[in-house]
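The values are calculated or read from the model by the stated rules, or taken from the named source; none is laboratory data. Being a predicted model, the structure only gives us computed values, none of them experimental. Cβ: placed from backbone, ideal geometry, glycine included. Neighbour counts: every protein chain shown. In case anyone asks, the SASA skips ligands and DNA or RNA and just uses the protein heavy atoms, side chains included. Shrake-Rupley method; radii C 1.70, N 1.55, O 1.52, S 1.80 Å.
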Amino acid sequence: MAETLKDATAKGSPGTDPELAERVARIIQDIEDRGAEAVRQYSADFDGWSPESFQLTAEEIERVVSGVDPAVLDDIRFAQTQIRNFAHAQLESLSDVEIETLPGITLGHKNIPVANVGAYVPGGRYPMVASAHMSAVTAKVAGVPRVAACTPPIQGSVPAETIAAMHLGGVDEIYLLGGVQAVAAMALGADFIEPVDMLVGPGNAFVAEAKRQLYGRVGIDLPAGPTETLLLTDDSVDAEMCATDLLGQAEHGPTSPAVLLTTSRELGLATIEEVERQLETLPTADVASEAWADYGRVFFCADHAEMLQMANELAFEHVQVMTTDDDFFLAGLTNYGAVFLGPMTNVSYGDKVIGTNHTLPTQSAARYTGGLWVGKFIKTVTYQRVTNAASSVAIGEYCSRLCAIENFAGHQAQADLRVRRYRD
């Protein structure tokens with residue numbers, strides 16, 4: 001059994017605050033009742049933002065983008081190219097299917113993109129420019145005709161780089177609007193925005209809860225919780241790299257778990273010391289130190305097999321593998337959002353630029369879902385065609401008997417009608 005070298009002071013994963021959930025529910029209901037008037041009120045109350053129009057015009061977008069440093073625009077284009085290239089490769093892995101299962105019986109499926117997607121791009125302390133790439137670029141590669149996106153103003157000003165990323169990523173409608181009011185407006189519609197069919201993108205606890213409550217009326221990418229990172233290591237890596245990679249994700253928020261599993265007790269203890277040293281100078285130490293104290297853990301494992309077992313049980317969002325046998329973990333890991341193999345890569349690459357998507361499952365959701373990808377924006381729907389009378393009769397006879405078992409008389413009548421009509 002693994003030895004705990006550092007435990008978390010908080011037990012369990014951070015859950016939904018009932019008071020927060022109730023507050024979000026009231027806001028959503030108010031927006032459903034009063035529409036744009038309520039949206040404007042909450043925007044003014046929470047962000048001090050009540051412009052004549054929340055949607056940016058083409059001229060406003062052009063002016064904002066033209067004011068962004070050309071080098072920054074080049075960096076954004078580079079990142080979006082990587083994401084677009086990988087998304088295209090994923091799209092090519094999807095194909096329509098049509099087969100003849102019996103003479104004259106054709107079954108098939110078609111891949112149809114969602115018609116309207118609403119993307120939320122967070123702002124605040126961390127204006128997450130990369131989220132524009134992950135949502136909009138991927139949706140457009142999937143063939144989504146309309147992508148509307150919201151991002152909050154930052155202290156009453158326009159987040160220029162985020163707007164530029166949205167525009168370059170192919171967003172059709174850009175709104176300067178944040179929080180629950182933005183998510184609810186996209187999902188429910190208002191006089192300034194048509195409703196969407198699906199919501200995607202990360203956000204704070206309020207945004208995540210709003211998406212959870214709106215799920216069903218619209219689709220969502222996946223349930224969202226605090227960012228998680230898990231390192232699987234042995235003595236082939238050093239404490240500086242381990243500590244840097246743990247804190248690089250702990251800075252997301254005070255409830256972000258950061259966990260190290262290692263087969264080197266010496267490395268585990270050295271990493272704990274190195275984390276404390278780095279926290280003395282890390283600019284985001286106020287957040288990262290709280291996350292590390294409350295949700296940071298270090299375990300000394302007997303071998304690679306024990307690390308693998310624990311990793312699959314934890315089912316973390318990000319899993320970073322830095323060992324002498326990374327392929328062992330690639331083959332054996334089954335529950336994770338994204339895996340990063342070897343010391344030359346890291347979670348930050350995946351978050352910002354390497355090409356894979358950074359919207360990933362948290363709070364053990366990796367047990368049953370992967371992250372955002374082209375396929376999330378595509379509906380795979382089936383069709384059937386029968387052109388052979390004998391096959392219709394044969395299927396009908398089976399169907400009739402099976403319907404009788406279930407006491408579905410109306411279903412049985414549908415089958416029986418075909419049997420009578422098309423029997424020789």
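Points worth noting:
- Residue check for residue 126: more than 16 Å from the chain's Cα centre (by Cα), open to solvent by 10 Å² or more (accessible area, probe 1.4 Å) and closer than 15 Å to residue 202 by Cβ: yes
- Of all residue pairs spaced 6 or more apart or on separate chains, those with beta-carbon atoms under 7 Å, a first member in region 90-115 that is touching a residue at least 12 places away in the same chain (Cβ under 8 Å) and open to solvent by 60 Å² or more (accessible area, probe 1.4 Å) and a second member that is of a type in the set (D, E, K, R) and not in a loop (DSSP other than H, G, I, E, B) are 96/110; 112/379.
- Residue 173 being open to solvent by 10 Å² or more (accessible area, probe 1.4 Å) and without any contact (Cβ under 8 Å) to a residue 60 or more places away in the chain: no
- Test for residue 72: is it in a helix (DSSP H, G or I), β-branched (Val, Ile, Thr), in contact with a helix residue (DSSP H, G or I) (Cβ under 9 Å, 6 or more places away or on another chain) and surrounded by fewer than 18 Cβ atoms within 10 Å (Cβ to Cβ): yes
- For beta carbons closer than 6 Å, sequence separation of 6+ or different chains, a first residue in region 130-145 that is under 15 Å from residue 197 (Cβ atoms) and β-branched (Val, Ile, Thr) and a second that is modelled with pLDDT of 95 or more and buried (at least 24 other Cβ atoms within 10 Å of the Cβ), the qualifying pairs are 144/117; 144/377.
- Within region 328-337, considering residues that are in contact (Cβ under 8 Å) with a residue 12 or more places away in the chain and not in a loop (DSSP other than H, G, I, E, B), the one nearest to residue 240 (Cα to Cα): 329
- When 109, 88 are checked against the criterion of being within 22 Å of residue 377 (Cα to Cα) and part of a strand (DSSP E or B), a single residue qualifies: 109.
- Verdict on residue 27 being within 27 Å of the chain's Cα centre (by Cα), within 28 Å of residue 227 (Cα to Cα), in contact (Cβ under 8 Å) with a residue 40 or more places away in the chain and surrounded by 12 or more Cβ atoms within 10 Å (Cβ to Cβ): yes
- You will find that of 214, 269, the residue that is over 22 Å from residue 18 (Cβ atoms) and touching a strand residue (DSSP E or B) at 6+ places or on another chain (Cβ under 9 Å) is 269 and no other.
- Look at (1) under 18 Å from residue 245 (Cα atoms); (2) open to solvent by 40 Å² or more (accessible area, probe 1.4 Å) and you find that residue 316 fails only one, number (2).
- Where residue 46 falls short, out of the listed (1) closer than 28 Å to residue 376 by Cα; (2) open to solvent by 70 Å² or more (accessible area, probe 1.4 Å); (3) hydrophobic (A, V, I, L, M, F, W, C): (1)
- Long-range neighbours under 6 Å by Cβ, at least six apart or interchain, first residue over 16 Å from residue 166 (Cβ atoms) within region 73-88, second among the small types (Gly, Ala, Ser): 82/355; 86/355
- Among residues of region 129-146 being open to solvent by less than 40 Å² (accessible area, probe 1.4 Å) and over 16 Å from the mean Cα position of the chain (by Cα), the one that is farthest from residue 81 (Cα to Cα) is 146.
- Residues of region 266-299 that are touching a residue at least 12 places away in the same chain (Cβ under 8 Å) and open to solvent by 60 Å² or more (accessible area, probe 1.4 Å): 266, 269, 273, 277, 290, 297.
- Extreme residue, farthest from residue 85 (Cα to Cα), among residues of region 147-157 that are surrounded by 19 or more Cβ atoms within 10 Å (Cβ to Cβ) and out of contact with any Pro (no Cβ under 9 Å at 6 or more places or on another chain): 150
- Residues that are within 17 Å of residue 184 (Cα to Cα) and of a type in the set (Asp, Glu) number at least 3 in the following helices (runs of 4 or more DSSP H) confined to region 6-69: 18-34, 36-47.
- Some residue of region 11-21 being open to solvent by 50 Å² or more (accessible area, probe 1.4 Å) and over 30 Å from residue 296 (Cβ atoms): no
- In region 338-380, of all residues being assigned to a strand (DSSP E or B) and within 24 Å of residue 118 (Cβ to Cβ), the one that is most open to solvent (accessible area, probe 1.4 Å) corresponds to 379.
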